[in-house]
Amino acid sequence: MWLLNTSTAELKFFHNPSSVRYAILSHVWREHEQTFQDLQTLRAQFVSPDGSPRARASTKIRDCCLYAERAGYKWVWIDTCCIDKTSSAELSEAINSMYAWYAHADVCYAFLDDVRDKDNPYAHRSSFRRSRWWTRGWTLQELIAPKTVVFLSSSWHFIGTKHSLAHVVEEVSGVDRAVLVHERSLDDVSVARRMSWASRRHTTREEDRAYSLMGIFGVSMPTIYGEGPRAFIRLQQEALKAIPDQSIFAWGPILDNYPFACKGFATDSDRWKSPYTGVSPNDMQTLLAPSPVEFAAAGRIRPISITDLSHRLGIPLTNPYYKSTSYGIRTHLPIIPYQPTSTLSLTTPTNVSVAVLACEHEDGSLVLLFLRHKVGMQDEHYVGDFVDVGDDEIFTRAYFRVAFLASSAPSISQLSEVREVYIHSRPHNAMRVHLPQRALAGSDAVERINYSFLFPEWVLSRLSGEGFVPQDRPASNSSGDGLTLEMPVLPGLDVSAIFRLTRVTSVTFKCTEDARENFTITIGIGCMCQLTQKRRGFEAFWVDVSHSSLSHAGRLQMRQKWTAALGASGGCTRRHLTLSPVEFAGTRGTVRLTITPWGSSSFGGPAGQECNYVVDVELVASNDEDGEAGSISPIQQSSSTAAATLRRAVEMLWSLRK
């Protein structure tokens, strides 16, 4: 292990780093970081006794050395310059040893170069919470492994430690407080939960998504840059050898309350019309996940012992084994055949079985794995299938891998049997799955539900009086009936959650006098909340206001996968709808939105039915210190709000009568 002398910035190799007292740096790499070779070159240039390469080291290295030296440390380790990356053997050794190096360090300095001095970490939108440091793959182990982590601002000012800020760090990172402060061992945390911590982090090199997690799972493996996604498959294979935890299989789309939410498996999915080819379910058919992202919704799954599972199923079980073969991973699992619970089941899925995993949800529900027999092969299986979920009128055909067994489900012990199976562990090019959509009889059209958001004419008149008019207003909406935004979606809205898609509709209000900022109202659906918080109905929609015209890039960002809405803590950053007003502050005022269901607005109604909502927009000016015109007094504001409420009530009554 190479260490840096804090007074001279010279490198020295130590065969036993645990015998040395040293500090260690955790940071986000920027462009043009100084390397091992750069420091060796600087050392060669300073041959006089009084010369020191520290004076010509980069600002980050110099400041780190100075900070550690003032704290009494003679040695510090910095990953950018303390690894000879020209040596593949040394690089591989460093990556495999890095978790241990951080764990043995006396202190870890987490340098957050995008955090301002005097920033308040407890503030909801503090720069501390929004730092890039929380989004990087390598910093996860650098947060967990050291006993002491000191957070430093961009000017190397003390912010706090991970102990003093434990509750904030837990909220931002998603890592349990007990794990952060070393009150709970990583061995006591399920594989699925550890993976979920990494699901929202990214690395520059794809292979590093796996290599950065080796210490988290206590495994070692050769580093092979260029292998791509194969690195994460190898990581899971090594974890299977070291950790007896089947939650590693419980990733991807999860179906709640099996079997009662399930109407039937789509074993005849090829006959359903679909505009998609080769979508994400191709990668979901394997036993092992393609990336940590797939574990985003699996953080509440925990393992149970084989003895416990045997008792709950009422059948004898032995410890499972996993053997990699050319036909997939061979193992034995308790299997129950699919039992349709509704006469509405569309098919008789003779090729679908349900395996019971030795893990459970936090509420005690057993975790099930859907297995689909490979055509023509008795023992070979893929994972998951399309399932019809919903009520009698509206259901969505969506792809699920995993299900939670409903607590009210009848006993399955008499249905279970232990069977040896082969489950494919990585995707094959020949595997093709399509996203099916119900087709109307005798038509090529696809059933959809249309959600309409109406800006009544009296709202547009009020905004016009303030100098704002809708930009690019459709001609069909200029008849005096207001402005309507349409959002056609598939029935049930589950597809957007399962495939992590976002549907949006938006309108920009332009200031005619160029005296105030334009603002764009965007209403959308599809985010993390549909899986983790089970948002359904009216609250599934979210709204956003941008105090300027959205660029083309901005509109594309709104339509990104719902992972784009995740904050550093893993929580949803969207402003979801309630019946209460939602305010968005700008530099010159606040936009207040109130969205109310009206008419036939039952969420998830029959296909072809319109679900309607009224949108009320109020502009609340900023209160100037001098009380200039444009500020709204509390009496005026109360009167305006009361009038708006009265207008909404009249509008709703009119729509119901209509």
Subset of segment 364-381, residues crowded, with 22+ Cβ neighbours inside 10 Å and either under 26 Å from the mean Cα position of the chain (by Cα) or at pLDDT below 85 (or both), comes to L366, V367, L368, L369, F370, L371
Tell me which residues, restricted to segment 329-363, are open to solvent by less than 60 Å² (accessible area, probe 1.4 Å), at pLDDT 90 or above and not β-branched (V, I, T).
-> H332, L333, P334, A355, L357, A358, C359, E360, H361
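Every residue, every condition in (1) of a type in the set (A, V, I, L, M); (2) open to solvent by 20 Å² or more (accessible area, probe 1.4 Å); (3) touching a Phe, Trp or Tyr at 6+ places or on another chain (Cβ under 9 Å), yes or no:
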{"position": "N96", "(1), (2), (3)": "no, yes, yes"}
{"position": "D114", "(1), (2), (3)": "no, yes, yes"}
{"position": "F128", "(1), (2), (3)": "no, no, yes"}
{"position": "S154", "(1), (2), (3)": "no, yes, yes"}
{"position": "H163", "(1), (2), (3)": "no, yes, no"}
Quick one: would you say A105 is touching a residue at least 12 places away in the same chain (Cβ under 8 Å) and buried (at least 17 other Cβ atoms within 10 Å of the Cβ)?
-> yes
Residues in segment 444-452: is at least one over 30 Å from I336 (Cβ atoms) and modelled with pLDDT of 85 or more?
-> yes
Kindly indicate whether any position in segment 201-208 is at pLDDT 95 or above and assigned to a helix (DSSP H, G or I).
-> yes
State whether one or more residues within segment 39-51 are in contact with a Ser or Thr (Cβ under 9 Å, 6 or more places away or on another chain), open to solvent by 30 Å² or more (accessible area, probe 1.4 Å) and either within 20 Å of T204 (Cβ to Cβ) or without any contact (Cβ under 8 Å) to a residue 60 or more places away in the chain (or both).
-> yes
For segment 78-94, pairs from a residue that is closer than 18 Å to I224 by Cβ and open to solvent by 50 Å² or more (accessible area, probe 1.4 Å) to a residue that is among the aliphatic types (A, V, I, L, M) and outside any loop (DSSP other than H, G, I, E, B), with Cβ under 9 Å and 6 or more apart or across chains, are K85/L91; K85/A94
In this structure, does L140 turn out to be of a type in the set (A, V, I, L, M, F, W, C), over 22 Å from T204 (Cβ atoms), modelled with pLDDT of 95 or more and in contact with a Phe, Trp or Tyr (Cβ under 7 Å, 6 or more places away or on another chain)?
-> no
Qualifying position, being among the hydrophobic types (A, V, I, L, M, F, W, C), at pLDDT below 80, closer than 28 Å to E362 by Cβ and surrounded by fewer than 19 Cβ atoms within 10 Å (Cβ to Cβ), among L440, L415 = L415
In segment 209-220, what residues are within 11 Å of I95 (Cβ to Cβ) and open to solvent by 10 Å² or more (accessible area, probe 1.4 Å)?
-> G215, S220
Does segment 282-323 hold any residues that are among the hydrophobic types (A, V, I, L, M, F, W, C), under 33 Å from the mean Cα position of the chain (by Cα) and open to solvent by less than 30 Å² (accessible area, probe 1.4 Å), and which are they?
-> M284, L287, L288, A289, F295, A296, A298, I301, I304, L309
Search result, residues across segment 137-149 that are open to solvent by 40 Å² or more (accessible area, probe 1.4 Å) and in contact (Cβ under 8 Å) with a residue 60 or more places away in the chain | W138
What are the residues in segment 454-480 that are at pLDDT 80 or above and farther than 19 Å from Y613 by Cα, if any?
-> S464, G465, E466, G467, F468, V469, Q471
Output the number of residues of segment 177-201 satisfying the condition of being free of Cβ contacts under 8 Å to residues at least 40 places away in the same chain, over 17 Å from the mean Cα position of the chain (by Cα) and open to solvent by less than 50 Å² (accessible area, probe 1.4 Å).
-> 5
Please work out which residue is farthest from A289 (Cα to Cα), limiting yourself to segment 161-197 and to residues that are β-branched (V, I, T) and not in a helix (DSSP H, G or I).
-> T161
Provide a single number: the residues in segment 1-19 that are under 39 Å from the mean Cα position of the chain (by Cα) and of a type outside the set (S, T, N, Q).
-> 5
Residue under evaluation S58, criteria (1) open to solvent by 60 Å² or more (accessible area, probe 1.4 Å); (2) closer than 28 Å to T204 by Cα; (3) among the hydroxyl-bearing types (S, T, Y); (4) in contact with a helix residue (DSSP H, G or I) (Cβ under 9 Å, 6 or more places away or on another chain), criterion not met | (1)
Those residues of segment 139-164 which are under 14 Å from V181 (Cβ atoms) and not β-branched (V, I, T), in sequence order = L143, A145, P146, K147, G160, K162, H163, S164
Within segment 165-174, identify whether any single residue is more than 20 Å from the chain's Cα centre (by Cα), farther than 30 Å from L309 by Cβ and crowded, with 21+ Cβ neighbours inside 10 Å, and answer yes or no.
-> no
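The values are calculated or read from the model by the stated rules, or taken from the named source; none is laboratory data. Given the structure is predicted, the values throughout are model-derived calculations rather than measurements. Note: ideal-geometry Cβ built from the backbone for every residue, glycine included; neighbour counts use all protein chains shown. For the accessible areas, the whole protein counts, side chains as well, though only heavy atoms, and no ligand, DNA or RNA atoms are used. Shrake-Rupley method; radii C 1.70, N 1.55, O 1.52, S 1.80 Å.
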